[in-house]
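Chemist: I'd like to ask some things about the structure below.
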Amino acid sequence: MMTGAARDYDLSDAEFSRLRGLVYKHTGIALSDAKRELVYGRLSKRLRSLGMSSFSEYCGMLEGAPSDELQELTNAITTNLTSFFREKHHFEQLAAEVLPPMQRAADNRRRLRVWSAGCSTGEEPYSIAITLREALAASRDWDVKLLATDIDSKVVATAQAGSYRSDRFKGMSADRVKRWFPSPAGQPDQGVASPELKSLITFRQLNLLNPWPMKGPFDVIFCRNVVIYFDKETQRTLFERMAALQKPGGWLFIGHSENLFNVSQRYKLEGRTAYRRMA
Ligand SMILES: C[S@@+](CC[C@H](N)C(=O)[O-])C[C@H]1O[C@@H](n2cnc3c(N)ncnc32)[C@H](O)[C@@H]1O
């Protein structure tokens, strides 16, 4: 049972366990006991707005006929922390090691496909798009497409809008911000992704556990700070499916506290949390 000050609801062990099961089944996110307070805090708001009297009633609704509430549950539970050029070594590696050999290749296809899987509010795919636009500045004729997906419908909408308060641009030089996120007239504290940047990216809501509509191949996949919430079995299945969407040599970037040890033998380490698909 929960302890502490009086609360609007009780969250019993049995109810927490039911919620945990639902979240795991629908998102792959394995909630630890340490997340109990967070779950209470985020979901009690949902109960209040639905006019419900207990977590049991809420679980009953989620376990019943399919409803939009599953998406609300997902949006409430996901952790969306992100920033522009987070783990910047990946963007440096993309510009210095991934693109030049492709540009030099005799069979240069001038085609690049990138997937930001678990893109949150968009800072990651926009950082990739900036890196690509700057590194390929002299290669305007390249066919570049970036797919950015997340399970959380709210963050995908934010990413698609591409409008950020200026304090979000901490990881970027003033020149970059000015070039890629100009401020709308009369809104100096806001920056909106330039049409050139936006035109590279397709944003979609996608649960990584569900079937994927895309066929690949992807030259580069960013799946960073997403699988940290998944158990090993879910991670194994996920990277097996990603490997199937890449050709040998394709790149995969994962988060700073993640690794593929005991998870996938389809990729070889090529730097800090950077991998390439093996033959
Ligand atoms: C911590 S953010 C990481 C954002 C970005 N990749 C980065 O590294 O800055 C993790 C994201 O993974 C998403 N996510 C969690 N489970 C997912 C799933 N089953 N399918 C797709 N996205 C998922 C969350 O909604 C969240 O936006």
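Chemist: When the residues of segment 217-235 are narrowed to those that are crowded, with 16+ Cβ neighbours inside 10 Å and not hydrophobic (A, V, I, L, M, F, W, C), which ends up farthest from Gly118 (Cα to Cα)?
Modeler: Step by step, filter segment 217-235, then rank; the result is Asp219.
Chemist: Consider segment 237-249. How many of its residues are touching a Ser or Thr at 6+ places or on another chain (Cβ under 8 Å) and either within 14 Å of the ligand (Cβ to nearest atom) or of a type in the set (D, E, K, R) (or both)? Spell out how you get there, then give the answer.
Modeler: As a first pass, look at segment 237-249 and keep what is touching a Ser or Thr at 6+ places or on another chain (Cβ under 8 Å): 239-240, 243.
Next, only the ones that are either within 14 Å of the ligand (Cβ to nearest atom) or of a type in the set (D, E, K, R) (or both) stay: 239-240.
Counting residues in segment 237-249 that are touching a Ser or Thr at 6+ places or on another chain (Cβ under 8 Å) and either within 14 Å of the ligand (Cβ to nearest atom) or of a type in the set (D, E, K, R) (or both) gives 2.
Chemist: Just checking, does segment 106-121 include any residue being in contact (Cβ under 8 Å) with a residue 12 or more places away in the chain, open to solvent by 40 Å² or more (accessible area, probe 1.4 Å) and under 24 Å from Tyr24 (Cβ atoms)?
Modeler: No, segment 106-121 has no match at all.
Chemist: Looking only at segment 105-122, which residues are at pLDDT below 85 and among the charged types (D, E, K, R)?
Modeler: Here is the first cut: in segment 105-122, the ones at pLDDT below 85 are 105-109.
Asp107, Arg109, listed by residue number.
Chemist: So which of Arg7, Arg36 is in contact (Cβ under 8 Å) with a residue 12 or more places away in the chain, at negative phi and either part of a helix (DSSP H, G or I) or within 16 Å of the ligand (Cβ to nearest atom) (or both)?
Modeler: On the way: Arg7 fails: either part of a helix (DSSP H, G or I) or within 16 Å of the ligand (Cβ to nearest atom) (or both).
Answer to the selection: Arg36.
Chemist: Scan (1) within 12 Å of the ligand (Cβ to nearest atom); (2) more than 19 Å from Arg7 (Cβ to Cβ) for the single condition Glu92 breaks and write down its number.
Modeler: (1)
Chemist: Here's something else I'd like to know. Taking the condition outside the structural domain of Val156 (by TED's automatic domain parsing) and in contact with a strand residue (DSSP E or B) (Cβ under 6 Å, 6 or more places away or on another chain), does Gly28 pass?
Modeler: Yes.
Chemist: State which residue pairs qualify: first residue free of Cβ contacts under 8 Å to residues at least 40 places away in the same chain and inside segment 194-213, second residue open to solvent by 90 Å² or more (accessible area, probe 1.4 Å) and not hydrophobic (A, V, I, L, M, F, W, C) in any location, beta carbons under 8 Å apart, and separation of 6 or more residues or different chains.
Modeler: So the pair list comes out as Ser194/Arg179.
Chemist: Picking from Ala65, Ala129, Ala96, which residue would you name as being at negative phi, assigned to a helix (DSSP H, G or I) and open to solvent by 40 Å² or more (accessible area, probe 1.4 Å)? Spell out how you get there, then give the answer.
Modeler: Numbers: Ala65 fails: assigned to a helix (DSSP H, G or I); Ala129 fails: open to solvent by 40 Å² or more (accessible area, probe 1.4 Å).
That would be Ala96, the only listed residue that is at negative phi, assigned to a helix (DSSP H, G or I) and open to solvent by 40 Å² or more (accessible area, probe 1.4 Å).
Chemist: Among the candidates Ala129, Ala65, single out the residue that is away from the ligand (no atom under 12 Å from the Cβ) and out of contact with any helix residue (DSSP H, G or I) (no Cβ under 9 Å at 6 or more places or on another chain). Don't jump to the end; show me each part of the working.
Modeler: On the way: Ala129 fails: out of contact with any helix residue (DSSP H, G or I) (no Cβ under 9 Å at 6 or more places or on another chain).
That would be Ala65, the only listed residue that is away from the ligand (no atom under 12 Å from the Cβ) and out of contact with any helix residue (DSSP H, G or I) (no Cβ under 9 Å at 6 or more places or on another chain).
Chemist: Looking only at strands (runs of 3 or more DSSP E) that fall completely inside segment 137-211, which ones have 2 or more residues that are open to solvent by 70 Å² or more (accessible area, probe 1.4 Å), within 12 Å of the ligand (Cβ to nearest atom) and closer than 30 Å to Gly28 by Cα? Break it down stepwise before answering.
Modeler: Values: elements: 143-150, 163-165, 190-192, 201-205.
Ranges flagged: 201-205.
Chemist: So, one more: Yes or no: segment 79-88 includes at least one residue that is part of a loop (DSSP other than H, G, I, E, B), of a type in the set (Ser, Thr, Tyr), closer than 30 Å to Glu134 by Cα and open to solvent by less than 50 Å² (accessible area, probe 1.4 Å).
Modeler: Among the residues of segment 79-88, at least one is part of a loop (DSSP other than H, G, I, E, B), of a type in the set (Ser, Thr, Tyr), closer than 30 Å to Glu134 by Cα and open to solvent by less than 50 Å² (accessible area, probe 1.4 Å), which makes the answer yes.
Chemist: From the set of residues in segment 250-265 that are open to solvent by 70 Å² or more (accessible area, probe 1.4 Å) and more than 19 Å from the chain's Cα centre (by Cα), which is farthest from the ligand (Cβ to nearest atom)?
Modeler: Only one residue fits best here, namely Gln265.
Chemist: Please specify each residue of segment 224-236 satisfying the condition of being more than 7 Å from the ligand (Cβ to nearest atom) and touching a residue at least 12 places away in the same chain (Cβ under 8 Å). Walk me through how you get there before you give the answer.
Modeler: Within segment 224-236, the first condition is being more than 7 Å from the ligand (Cβ to nearest atom), and the residues that meet it are 227-228, 230-236.
If the condition is that a residue be more than 7 Å from the ligand (Cβ to nearest atom) and touching a residue at least 12 places away in the same chain (Cβ under 8 Å), then Val227, Ile228, Phe230, Asp231, Lys232, Thr234, Gln235, Arg236 are the ones that fit.
The values are calculated or read from the model by the stated rules, or taken from the named source; none is laboratory data. Not measured: the values here are computed from a predicted model. Cβ: placed from backbone, ideal geometry, glycine included. Neighbour counts: every protein chain shown. The area values use the complete protein model at the heavy-atom level, side chains included, leaving out ligands, DNA and RNA. Shrake-Rupley method; radii C 1.70, N 1.55, O 1.52, S 1.80 Å.
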